Every structure is written in C-alpha cells, then in structure tokens.
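Q: The structure's right below; bear with me while I get my questions together.
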Amino acid sequence: MRSITQTLTYSSCRWGLGLLVSVLAACGTDVRPPEAVGDGLASAEQELDGECTADWAANPCTVADSAACGTGDPGVDSINSPNNCELGGMKCDPRPRMCNRNTKTYWFTATSPLTVYDSLGNALGSVTTGTKLRINLGTRKTISTVSANYLVMGFSVPTSNGAISGWVRPELLDAGYTNIMNWVAANYRPAPDPGGTYSDWYIIPSNNAPYEGLHVTNDCPAGNMAVHYLGRNGRINLITNLPGKGSPTKAVYPNNTGLNFKRAQVQHSVSLPLYDCSSGSAVRVSATLNFLYGYVQSGHWGWIAMPNLSTTRP
C-alpha cells in the first residue's frame, strides 16, 4: 500500500481525544479525510488480475494477513473512524476477493445453474453451469426464501442480466459449501455497531449526473469511479469499508422501494475528495462524495454513499 498523508478534520464528539484539528459543533457532521486517497482497492467494482498469490509457498492460506478497524486516531488512520474496517484475509487471498484454495486461483466454477440474489432475496440474474466467478472476503448471509444455509457475496458475476454483484449459494460452486464456509469463517469480521442512537434515512434512486466521469482516487485507474457507489440498474451497494482501504460490496438493495437505512448518529459522515482524470492526470474538483454509516437489516452494518439516501420517506 502507498503511504497516505495523515491530515483530516477531527471531532471530539465521537472519540474525545486530544489531537484535534477542529472540534465540530455536533455529532453527525462532516469529517474530511486526506486528499491523497488511493491504494488500488478503492472501487467497489474494481477488477483484479492474477492468481491467489505470487508466492504460494511463502504466503500460504494458513498465515493470516493483518487487517483491523480504525482506532479513531488521526495520526494513524487515513480515515478517522473506528467503523472503517479492513477485511481480514490470509496471505493467499487477493483482498478483497477470496482465493479458491483447491485451484489456487480466485475463480470459482458453477457446478450447476444458479441464481444471483440481492439482500432481500430478489433474483438479479441467472448463471449457467461452468461459469467462473469471484467471491468477496469477509461476508456471509442467510436469506430464508433462498436457502437455510449461508450465502456468499459474488463479485461482478457474469449473469443473464450482465455483470452483477450479489449473493450466491456456495454449495453450487466447485469448492463446495464446507470448504467455502471454512474459508469465509477464517476471514469473517462483522462490522461494528457503534452504539448510540440511529436516525431514519431512506434509500432512493440517486442523481448520478454530478459524479459521472469522476474518480475516488487520485491515481486515475480505469476503475475507482464515483458512480460505482451510486445507484445502478435499480439497486445500491452497502460497502464494508471506505475507499482507500478497499470497499467490497457487503449487501445489495433495491433503490426504488424506500428501504429504511438506520444511520448511526455517533458516526460522522465522511467526505471523500473526487478527481477529474480527463486530462490524463488527476485534478481535484470541488465536488465530494459523502458516506454515512449504519444498517438496513439489523446486524449488517456498513457504509452507503449519501446521494443514495434521503431523510424524507419516498
């Protein structure tokens, strides 16, 4: 990872530490992270290349890679929040994706036709036998209308409706349910409940126009687009952590049914800088992309970009 300039606005409302750049008037106001954000894992839909590891012998799947939640210390964390939690992983895992230990690649193969679901159990697309797909680390879910077993989050799965991130049944993949669940369990770290009170926000279709063509990192990769965090094809993603530490999809929800998002009041909104790369180099623009922390379904906390949300019920 690249080093990141450690400068940001800090509030005593949440953590009460002495290293303050400025004290905000109330909890829930904006916190601005450093301008230099970018470590190659920022996009919720970023592509990865290569095998599980460049050195399987030196980085076996029995050796854990370091990852943790933020401390709230502005001198340590690139984004000052104990709710910004990197995924756990083993040395072989190409975070934020999971390695198929059997094939030593990050590809899993469908052994029969399967369906990709959103977090409410709605079918998003179908997958044919033999299709290869990838799985996100650190997240699992049961959906009673789909299966009594855990599901795992497939990343940008090639389906009948195009590439879709969503839940799939691991027993229909070549590695098998038991193996995959063991690998998930080794990496599983639930996002924290920050406590305190929650306010009611609602998921809505976002206005993507102001964010088209803008990047969330300053190194101008092909991905890392701001619109990856906004509404697409009638749905939005809740992400595990913020851009800059990797931000894989943790949940997928429809954005046209007015779902209730419980925003954690104690966690300030985080404002990320945006960049225009049309000239071939990154130019900071005045627009920012803000994120709120909370949950849609109890027990599944994460971040949602603010343009996807409203305080008014649709």
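Q: Using 0.36 nm times the number of residues separating Tyr177 and Trp56, minus their current alpha carbon distance, what extension gain do you get?
A: Working it through step by step, the gained length comes to 41.2 nm.
Q: Quote the relative contact order of the range 70-175 in percent (integer), defining contacts as alpha-carbon pairs under 8 Å separated by 6+ residues. Mind showing how you got there, number by number?
A: Details: 218 pairs, mean separation 24.7, N = 106.
So the answer I get is 23 percent.
Q: I've got another one for you. Per residue of the range 199-208, in order, report the coupling 6.51 cos²θ - 1.76 cosθ + 1.60 (Karplus, θ = phi - 60°) as ³J(HN,Hα) in whole Hz, putting x for Gly and Pro.
A: So the Karplus estimates, Gly and Pro as x, are 9, 8, 10, 9, 6, 9, x, 8, 8, 7 Hz.
Q: Also, quick follow-up: Take the Cβ-Cβ distance between Val266 and Thr109 as r, set R0 to 45 Å, and report the resulting FRET efficiency rounded to the nearest 0.05. Don't jump to the answer; show the numbers that get you there.
A: Working: r = 43 Å, r/R0 = 0.97.
The formula returns an efficiency of 0.55 here.
Q: How much length, in nm to one decimal, is gained on full extension between Ala123 and Asn256, taken as 0.36 nm per residue of separation minus their Cα-Cα distance?
A: 46.3 nm
Q: When the distances between all Cα atoms of the range 144-257 are binned every 10 Å from zero, what whole-number percent does each bin get?
A: Spelled out bin by bin, the range 144-257 gives 11, 33, 37, 17, 1 percent.
Q: Of Pro170, Tyr211, Asn256, which is farthest towards the positive pole of the range 133-262's charge dipole, taken about the Cα centre with +1 and -1 on the beta-carbons of Lys, Arg and Asp, Glu respectively?
A: Result: Pro170.
Q: So, one more: Please sort 123-133, 261-271 by packing, taking for each peptide the average over its residues of neighbouring beta carbons within 10 angstrom, highest first.
A: 261-271, 123-133
Q: Another one. Fully extended, how many nm does the chain gain between Ala222 and Ala287 (0.36 nm per residue separation, minus their Cα-Cα distance)?
A: Between Ala222 and Ala287, full extension yields an extra 21.4 nm.
Q: Keeping all protein chains in position, work out how much accessible area Asp118 exposes to a 1.4 Å probe, and write it in Å² to the nearest 10.
A: Counting only protein heavy atoms, Asp118 exposes about 10 Å² to solvent.
Q: How many nm separate the modelled label positions at Asn161 and Ser298, each set 7 Å beyond the Cα in the direction of the Cβ?
A: Calculated label separation equals 2.9 nm.
Q: Within the range 255-279, name every residue whose backbone N is under 14 Å away from a label modeled 7 Å from Cα of Thr197 along the Cβ vector.
A: Residues 263-267 fall inside that zone.
Q: With the crude spin-label approximation of a point 7 Å out along Cα→Cβ, what separation in nm comes out for Ala68 versus Ser279?
A: 4.0
Q: So what does the Cα-only Debye profile of the range 273-314 read at q = 0.18, 0.29 Å⁻¹, as log10 I(q)/I(0), no solvent term?
A: Values returned for q = 0.18, 0.29 Å⁻¹ are -0.68, -1.01.
Q: Long-range amide H contacts for Asn100: which residues qualify at under 5 Å (H placed 1.01 Å from N, peptide plane, sequence gap of 5 or more or a different chain)?
A: It is Thr105, Tyr106, Trp107, by chain and number.
The values are calculated or read from the model by the stated rules, or taken from the named source; none is laboratory data. All values derive from a computational prediction rather than experimental measurement. Neighbour counts run over all protein chains shown; Cβ positions are idealised from the backbone, glycine included. Ligands, DNA and RNA are excluded from the accessible area calculation, which covers all protein heavy atoms including side chains. Shrake-Rupley method; radii C 1.70, N 1.55, O 1.52, S 1.80 Å.
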